[in-house]
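Readers should treat all values here as calculations from the given coordinates under stated rules, not as data from a laboratory. None of the values given here were measured: they were computed from a predicted structure. Using ideal geometry, Cβ is built from the backbone for each residue, glycine included, and neighbour counts are taken over all protein chains shown.
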Amino acid sequence: MKMFLITGCIGLMFSTASLADHAVTYAPKSQQQMSAVMDLTSFQTMAYDNNARCFGEITGPTVGYQELDFALSRNLITTEAYRWGRENGYYPVIDRFDNIRMVCHF
């Protein structure tokens with residue numbers, strides 16, 4: 001594992017030895033245990049439950065469709081959830097580790 005020297009904004013330096021205790025390793029999705037595909041019921045539940053958490057609207061349905069396409073291509077949602085999201089205007093919010101954090105309306 002590679003360690004890097006980090007310099008803080010106020011000029012503090014941390015040695016790589018002190019960072020070794022807090023190192024986090026990341027394996028690509030192919031090396032991690034694959035998460036289950038989100039089915040339609042789970043997708044709908046997240047859509048209705050998380051709407052209060054969704055803020056900062058996206059710039060129209062095109063971006064929502066792109067998020068749905070991405071989720072389907074990564075096997076994060078089922079085809080039924082994809083179709084329902086397109087028909088009803090919901091898209092998944094996906095983090096950098098390909099986890100669906102919430103489902104929002106566009």
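Label zone of Ile58 (point 7 Å out along Cα→Cβ, amide N under 15 Å): in the range 84-106 this covers 84-96, 98-106. Look at the Cα gyration tensor of the range 34-105: its axes a ≥ b ≥ c give a/c under 1.5, and that counts as rounded.
Between Tyr90 and Phe106, the built amide H atoms are under 5 Å apart, and every one of these is 5 or more places off in sequence or on another chain.
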